[in-house]
Structure formats: structure tokens, C-alpha cells
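Participant: Mind looking over this structure? Questions follow.
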Amino acid sequence: MRKRRWTSAILMTVMSMAILAAAPAGAVPDDPGPAPGGRQQVEVFAEDGGIGRASVSPVSPYLADRPQALAADGAVTPLVQNGSTDTKLDVVVIGDGYTAAEQEKFRADAAAKWQEVSAVEPYATYRNLFNVWAVEAVSAQSGITGDPDRAAVRDTALGSYFWCEDIERLLCVDVKAVERYAAKAPQADLVLVVANSAKYGGAGYNDVQSPLGYEGIATVAGGNNRSGQIAVHETGHSLGKLADEYYYDGQGTYQGAEPAESNISTLTTDRMRRERAKWYRWLGRTSPDGGTVGAFVGGGYYPDGIFRPTENSIMRSLGREFNLPGREAMIAGFYRHATTITSTTPANSTLDSSGRLTVDLPVPGTTLRWYSDGRELTHLRGRTTIPLSSFGFAAGPRGIGYRLTAVATDPTPDVLDPALRPSLTGSLSWWVTG
Ligand SMILES: [Zn+2]
């Protein structure tokens, strides 16, 4: 059992938090509501891949009261730039515990973390949907409070610290400081805090309500080559709206209503099929995390009364793949922030018929169709650069020009739910005149 490998301190904290967070009948189990005293629910990640929860203060006791900003603090560099912020999912990476002289190291650590995240599917296939911004928070001292031991205290820009709530691997941060730095980036859809430490650790803040619009913060140790998995799991919540698939042995039987999340359910496979509900479309299919999709007992913190789609996806343990329902939800989440088609030629502008027009399809396999005033120009199907003169004005009304529209659809077999498929189509239009 994974639990036995936890230290008793972690187990005690996790168990007491699980009891605190126990949902009343009818409530969704992973929505414990506001934590007492303004505290926040976070996730804590054991080295063996196990995941638990704790309640923490959003305020770091180690954040230095610094009347004057350090020089060059808050500079923003693009690590990955695939397009304008309104057409891409913008990831903001903020460094902590890096001094002014260590900002190059921070950028390298941030790039390595993004590499680690974007190696996991469906990130790998969809990597061109993302921009990644590095925000250079300058710390007065190098390193992170709590590394190597509890006695180590450092003056850092975000006040990050290990041993949060007496849990060594729980890497907490000052949430308001994160917000201040995230605001410096052009856009923040996801926030990742990279701490200047090689010690394994991190945290997932998934009930953050930021005015900037991002829904979660993941903290990870920059020098640890497994900590990027923490960010992947956290985006399962923020982008995929997925529930946790792990549970606590002492939590009893889930008595509540059918949960809203797509990856946990009170329904058996028979009922899913009969009611055409939850992940019934995926039942019996081979899942990337191993085995076939079914209904495995335990999930959403309860060992009984609730099912998860597969034995052990990344929503249960780090280092694993998303299962098929999870992958579907992630892709839909990507497309809430990013589009199937972009162009450096502004949409809705007026173009001269002597020119050419180019569009970009960021995701491999995306299909493309062109329309003139709603009629498809079938000979242009799939072409990303078209000479505007090639189809002239014959198609235009009244000989004064026409509306040219490009429609791009991602036909991925990884999204089956018809309710999600509309977000997999995007279009751009222009006016073409002589
Ligand atoms: Zn989680």
C-alpha cells in the first residue's frame, strides 16, 4: 500500500485534513468549500508518487518585508512564443530563490520544467498551443527556506518554504506575491512557481481565485527532475476540471450525489452504458496509463461508493499518464484558451485580391477548408497558403468583393464527447476586394 510509505506526520496531517474536508451528503467530494480561517486546500506530493491534501495559510511567514524593489525585478522573457495571447494558452513561470546573478539559471530551470511537462500527453501533441513566459523574480538570497533542513531560512521574492505544515516535501508559497509577479506577464492562464532547489517537493493550489484568470498554482523544485509531474497533475484540475482519483482508507463510503467531474462517478459500468453517462464512450478501450477503461472502486478521496476510470492514472499517482477520459478533458481544456487556427494577417481585415494569405495550424492533423461567402472552395482544401487571385471575384456578390473564411478542425479521436467537439473547430474570416 502506498500509504504505509508516508511518514506518520504526513499521514496524520492528511488524515485530519481529509476529515475536515469530509463532504456532507449531496456535496461534490473534492469541493470542501472555503477552508477555515482563510486557509487554502493544497495537494502534497510524496516522493513515491502518492498524493495527499493539506490545508495551508496563503501567507508565507518567510516573505521579506522589502520597501524597495530589487533591481531588474519582474522582467519577463518569452521561453516559448507560438502566437498572440488570445490564441494561445499562456503559462507563466515565476522563479523563487534565484538572485540577480542567477536569473540565467532560472530561465534554464524554467525551460527544463516546461520540457518535462510538455513531454506528457496530451501536452506533447498540443505543445504549439502554448506560450511560456518566464517572470524573473529577484531574491535577495539564493536557495529556499527549509533546504537542506528546517533551520535554513532565506530571504526570497515569493517566500517559498519546505516543511509547510510540518510536511517536509510540501513547498508552500505566498499566494499574493505570486499574483503580483504573475500580473507582469502579458497573460496568465496557468502559473508555475519554480523554486531554486534540488530537493524534491512541490504543492498544488487548486482553489485559487485570481483576478488575472488563472485557476491554479503549482510549485515545484527547479533542480529536481521529477517535480514537473506535480504541475501536470495540477493542470488536470485547472485545465481538465478533473477530480482526484486517489482516496483515503479511513474516509468511508461516498454518500453524495453524482459528482460533476468527468472522471469520477457513482455509476457502475452497466449504468453508465444504460444512461449514456460519464465515460461510457471509453469503456473497454485500452488506456494510455495501462489496462482498459472500466469502473475501479475508489476515487475522489473515498475508498468506496465511487468509481474511477482506470487503476492508476496521473490523477491518482505522479509519473503516470492521463487515462482516456482525462486526456479528452485536457484537450478540451487546452482549446478553452487556444485556437485551432491563427494567421499573422489580422482577421476581419480587408485584403487585396493580388496578394497571398497564410494561416497556421498549430496541431498536427488539423483539417482546413476555405469558403467564399459560405461556399466551399474545394480546390483549396488543406492548403495553408493560398493566392487570393486564384479564385477571383466570380464567387463574390455584386462584384465588389467577398468574405473569405478558413475553417480548421482538429479531428482527434481522443475527444469523443459531442458536447466538447465544437471547441475543436476554429475559423478566421477576411474581406477580399479588387
Ligand atoms: Zn489533485
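Participant: In what order do Glu215, Glu234, Glu245 fall by count of nearby beta-carbon atoms within 10 Å, going from fewest to most?
Facilitator: Working: Glu215 20, Glu234 27, Glu245 30.
Ranking Glu215, Glu234, Glu245 by Cβ neighbours within 10 Å, fewest first, gives Glu215, Glu234, Glu245.
Participant: At what distance in angstrom do the alpha carbon centres of segment 255-303 and segment 151-207 lie from each other?
Facilitator: Rounded to whole Å, the Cα centres lie 34 Å apart.
Participant: Taking 25 °C and 0.890 mPa s as the conditions, I'd like the Stokes-Einstein D for the chain in µm²/s, using the Kirkwood hydrodynamic radius from alpha carbon pairs.
Facilitator: D = 106 µm²/s.
Participant: Moving to a separate point now. So if I take the centroid of the Cα atoms in segment 48-67 and the same for segment 95-137, what is the distance between those two points in Å?
Facilitator: Segment 48-67 and segment 95-137 have Cα centres spaced 21 Å from each other.
Participant: Pop the C-beta distance of Lys105 and Thr384 into the FRET formula with R0 = 45 Å and round what comes out to the nearest 0.05.
Facilitator: Plugging the Cβ-Cβ distance into 1/(1 + (r/R0)^6) gives 0.70.
Participant: Given H placed on each backbone N at 1.01 Å, which residues far from Leu351 in sequence or on other chains put an amide H within less than 5 Å of it?
Facilitator: Trp431, Val432, Thr433
Participant: Name the residue farthest towards the positive end of the dipole of the chain from the options Phe45, Val297, Leu283, assuming +1 on Cβ of Lys and Arg, -1 on Cβ of Asp and Glu, about the Cα centre.
Facilitator: Highest projection toward the positive end goes to Leu283.
Participant: Within a 10 angstrom radius of the beta carbon, how do Lys113, Lys241 rank from fewest other beta carbons to most?
Facilitator: Lys241, Lys113
Participant: Cβ under 11 Å from Tyr181's Cβ, Tyr181 left aside: what net charge do those residues give with Lys, Arg +1 and Asp, Glu -1? Walk me through the numbers before you get to the answer.
Facilitator: Working: positive: Lys176, Arg180, Lys184; negative: Asp73, Asp96, Glu136, Asp174, Glu179.
Around Tyr181, the surrounding residues sum to -2.
Participant: Now for a different question. Using only Cα atoms, tell me the angle between helix 8-20 and the longest principal axis of the chain; keep it within 0 to 90° and round to the nearest 10.
Facilitator: Compared with the principal axis, the helix lies near 70 degrees.
Participant: When the dipole is taken about the Cα centre of the chain, and only Lys, Arg (+1) and Asp, Glu (-1) are charged at their Cβ, what size is it in debye, to the nearest 20? The partial results should precede the final answer.
Facilitator: On the way: 41 positive and 47 negative charges, 248 e Å.
Computed charge dipole of the chain: roughly 1180 debye.
Participant: Taking Cα atoms, how many degrees apart are the long axis of helix 103-118 and the longest axis of the chain, rounded to 10 and kept between 0 and 90?
Facilitator: The two axes meet at around 70 degrees.
Participant: Okay, next question. What is the angle, in °, between the Cα long axis of helix 228-238 and the longest principal axis of the Cα atoms in the chain? Nearest 10 is fine, range 0 to 90.
Facilitator: Taking the Cα atoms of the chain, the angle to 228-238 is about 70 degrees.
Participant: Can I ask one more? Fewest first, what order do Ser354, Ser287 take by the number of other Cβ atoms within 10 Å?
Facilitator: Ser354, Ser287
Participant: Over segment 350-433, what per residue volume does the convex hull of the Cα atoms give, in whole Å³?
Facilitator: Each residue corresponds to 96 Å³ of Cα convex hull volume.
Participant: Magnitude of the Cβ-charge dipole of segment 350-433, K/R +1 and D/E -1, about the Cα centre, nearest 20 debye?
Facilitator: Values: 8 positive and 7 negative charges, 66 e Å.
In debye, rounded to 20, segment 350-433 gives about 320.
Participant: For Val92, what residues show an amide H to amide H distance below 5 Å, using hydrogens built from the backbone and excluding near sequence neighbours?
Facilitator: Trp133, Asp189, Leu190, Val191, Leu192
Participant: Using a cut-off of 30 Å between alpha-carbon atoms, which lysines can reach Lys241, once sequence neighbours fewer than 8 places away in the same chain are excluded?
Facilitator: Hits, sequence-local ones excluded: Lys3, Lys88, Lys113, Lys176, Lys184, Lys199, Lys278.
Participant: Convex hull volume of the Cα atoms in segment 124-237, per residue, in Å³?
Facilitator: Spread over its residues, the Cα hull of segment 124-237 gives 106 Å³ apiece.
Participant: I need the phi-derived Karplus couplings for segment 194-204: 6.51 cos²θ - 1.76 cosθ + 1.60, θ = phi - 60°, integer Hz, Gly and Pro marked x.
Facilitator: With the stated coefficients, segment 194-204 comes to 9, 8, 7, 7, 9, 7, 5, x, x, 7, x Hz.
Bear in mind these aren't lab numbers, they're just calculated from the coordinates by the rules spelled out. Just so it is clear, the structure is predicted and the values come from calculations on it, not from any experiment. When we count neighbours, we look across all protein chains shown, and the Cβ atoms used for this are built from the backbone with ideal geometry, even at glycine.
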